[in-house]
1. Just one of the numbered conditions (1) aliphatic (A, V, I, L, M); (2) outside the structural domain of LEU33 (by TED's automatic domain parsing); (3) surrounded by 22 or more Cβ atoms within 10 Å (Cβ to Cβ) is not true of LEU312; which one?
2. Just checking: which of the helices (runs of 4 or more DSSP H) contained wholly in the range 355-421 hold 1 or more residues that are within 21 Å of ALA318 (Cβ to Cβ) and of a type in the set (Gly, Ala, Ser)?
3. Pairs please, first residue from the range 252-272 and within 19 Å of GLY292 (Cα to Cα), second anywhere and assigned to a loop (DSSP other than H, G, I, E, B) and open to solvent by 50 Å² or more (accessible area, probe 1.4 Å), Cβ atoms under 7 Å, 6+ apart in sequence or on different chains.
4. Among the residues that make up the range 238-252, is at least one of them open to solvent by 40 Å² or more (accessible area, probe 1.4 Å) and over 23 Å from THR122 (Cβ atoms)?
5. Taking the range 315-356 on its own, how many of its residues are surrounded by fewer than 24 Cβ atoms within 10 Å (Cβ to Cβ) and of a type in the set (Ser, Thr, Tyr)?
6. Quick one: would you say ASP281 is open to solvent by 10 Å² or more (accessible area, probe 1.4 Å) and closer than 30 Å to LEU149 by Cβ?
7. Taking the condition among the hydrophobic types (A, V, I, L, M, F, W, C), over 20 Å from THR236 (Cα atoms) and either out of contact with any Cys (no Cβ under 7 Å at 6 or more places or on another chain) or open to solvent by less than 10 Å² (accessible area, probe 1.4 Å) (or both), does VAL108 pass?
8. Just the residues that are of a type outside the set (Asp, Glu), within 18 Å of LEU228 (Cβ to Cβ), open to solvent by less than 50 Å² (accessible area, probe 1.4 Å) and assigned to a loop (DSSP other than H, G, I, E, B), please, taken from the range 55-97.
Amino acid sequence: MTTATAAATTPANRYDVVIIGAGLAGCAAAQALAHADPERRRKILLIDRHPGSSPRFAGEFIHPRGAQILADLGFYAALKAAGAVDVDGFTVLERADGRYVELAYDEVPGQRSQGLAVHHKTLVRVMRQVVRECPQVDLFEGWIIHELLHRGERVCGVVLTGPAGQQVTVHADLVVGADGKASQVRKLAGIPDQRQTVGFTVGLELRNASLPAPTWGNIILGAWGPVLVYPISRDTTSGSGGDLIYRVTLDLPANLPVKGARLAEFLLETFVPFLPHPLADQIADAILHHKGPFEMAPTVNLPAPTAVRPGLALIGDAGGCSHPITASGMTMGLRDAECLGEEARRRSDAPAHEAWLDDGSLRRYRAEHDRYVPTRQALADAIYEVFRGGNEGARAIQRALFDYWASGRSARARSMALLSCAEGRPGVFLSEYLKAARYAIESSLVARHAAHLPTRDRLRQVSGAMQLASNKLGLVAQVMWAQVRPTWLPHDRTFI
């Protein structure tokens, strides 16, 4: 690529593809497109508003499906050299003294046995370094999109503003919005969304967290919301294989009861008593000794909007996001990038006067995107509600999940296949959903969990579980339809 800095030069006036957002999805898309152009006939522009990574902490956990894409695109080795950690799956602790289960990646047949976790700032820095080596890609940091250009209903380019206030008009056959959940590209395209901030996540860092499974994502239930602890880097300077640095995320409500200096006291009272020792002491110490404001990020639910317009595609969180409890967002963004690369490879020999990714390419991308993104969102929504356990129905299904996972390895493998994005068949999704609902009803009636409860209380738990399950049936139906609908069936008039 052109190695001059954005302050010294400006983008060219013409590219085959312009990608807005140089985070995980944007860098992966640029690399996938470059790999699909072995003869180096194409030019790709990649811009981002931040010189370096976003100051707010963001996604750091990638399932095996995503880790394989990183390897295929040439990012994995560089990330590992920078301290990224191979991860083995998830553990779930019912409460500090409750049941414990391991959901291992290597129990899922046919997929890579490990995922990858990495500090977000390291992830972005390293991926941009790799992309800079691509001759087809021009990367400019500190630039923002100001306007979308149109030719009739088709997007045909962008107007960009540079760090010094300069404006450049860039024409392109395809504009890709990879600029996150608050996507400016989506807004400029007039694509409506139903984005809602459903809560906040506080992020802390720990060194050598006391965990039974140090290279896993560890979910701990029982507090106001689930606590997630996972490694994000290995400090090789410490000797003996290196200390592990962990991310701790604490789930907070949308209406924060306290702010500022009182937040530390709230975290100590609301989360620490529900954590197992000695991890509780470590997290309490991290909260008490934290300097300055806590790192916080909004938890956003964005039901998948229109992912495609003529000349435009949305990828990653710009094309839909949900609660991060299933850690599937980054893997989905990588799948989006991979899909665009596959479509570009199909047209690698397209004549120069034709668009590299034409309307047919975008239709196929849209069909694939609409099959796996709704599944991910439905799972995240349901799992978060169950893990939080905010009502009797959710707590009944939570107990049922532990019963189901305890029933055997195959049950854990089926659940992990769905959660890690390795499984997308509608029949498996529906089957697992119905099994969880059945276990919830049975566990509320059978004496194991309710021997001390009168019949009316058992029936109330069953009623709550059935109500929660039935409330999700409409969402499940939408997911099923999104996965089985014929590709030739038109969506609606706003789509290609």
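1. With respect to (1) aliphatic (A, V, I, L, M); (2) outside the structural domain of LEU33 (by TED's automatic domain parsing); (3) surrounded by 22 or more Cβ atoms within 10 Å (Cβ to Cβ), LEU312 is out only on (2).
2. On the way: elements: 359-388, 392-406, 409-419.
It comes to 359-388.
3. ALA264/HIS290; PHE266/PRO257
4. No, the range 238-252 contains no residue that is open to solvent by 40 Å² or more (accessible area, probe 1.4 Å) and over 23 Å from THR122 (Cβ atoms).
5. Qualifying residue count for the region: 1.
6. No.
7. When the stated conditions are applied, VAL108 passes them.
8. Within the range 55-97, PHE57, ALA58, GLY59, HIS63, ALA84, ALA96 meet the criteria.
The values are calculated or read from the model by the stated rules, or taken from the named source; none is laboratory data. Keep in mind that what you see is a predicted model, and the values were worked out from it rather than measured. Note: ideal-geometry Cβ built from the backbone for every residue, glycine included; neighbour counts use all protein chains shown. Areas reflect the complete protein model, heavy atoms only, side chains present, ligands, DNA and RNA absent. Shrake-Rupley method; radii C 1.70, N 1.55, O 1.52, S 1.80 Å.
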